[in-house]
Amino acid sequence: MLLALLAVCCFGWAQQKQVQYNAYCEVTVGNSGMDQFVQITFDFGYSRYPNALLYDEKGQPIKFRSPMDAVNYLGERGWRVVSSYYLSDAKGSSRHYILEKKVSDRKQVEAGLRLSPKLTIGR
C-alpha cells in the first residue's frame, strides 16, 4: 500500500515538472548603405512570421529608437543576449544579436509579443 502511494506521488510530481530548454531569437538590424533607414527584424526560428516586425496593441509596427532599444524590449520579456556579430558587403551592412530564453513549450517563445498586426501569441 505504501509503495503504491509513493508511486502515485512520484508519477504526479513527474507530470508537473516540465523540461525547460533554450529557445533562440535573432535580431537583425539592417542598414542599406544607400540611406540611414534602419530596420529591425526578429527571427524566432519556427515562427509563421520569419523576419518579423513587432507590433503594438494598436497593430502599428513598433519603432525602436536604437538596436539596444529592441534588445532591451526583448530583455523585459525574458530574453538575454548570448552573441552578436556584424556583416558587411556591397549591398550594405547588418548587425545581428542572438538572444535566448528558457522555455518549456513553444507558446512561451513568443509570449507577450505581437508578430502580426492582428495576432498576439501568449500573454
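For each of L53, L99, L74, count neighbouring Cβ atoms within 10 Å of the residue's Cβ, then give the residues from fewest to most.
L53, L74, L99
What list of ³J(HN,Hα) couplings, whole Hz, do you get for the stretch 67-74 from phi and the Karplus terms 6.51, -1.76, 1.60, once you set θ to phi - 60° and write x for glycine and proline?
Using θ = phi - 60°, the values come out as x, 5, 4, 5, 5, 5, 4, 6 Hz.
Return the ratio Rg/(2.2 N^0.38 Å) for the stretch 21-121, where Rg is computed over Cα atoms only.
Normalised Rg, Cα atoms only: 1.07.
Would you mind checking the pairs K58/K91; K17/K101; K58/K101 and listing those with alpha carbons more than 24 angstrom apart?
Table pairs above 24 Å Cα-Cα are K58/K91; K58/K101.
FYI, it's all coordinate maths here, none of it is from the lab. Bear in mind that the values here come from a model prediction, so they are computed numbers and not experimental data. All Cβ positions, even for glycine, are placed from backbone atoms using ideal geometry, and neighbour counts span all protein chains on display.
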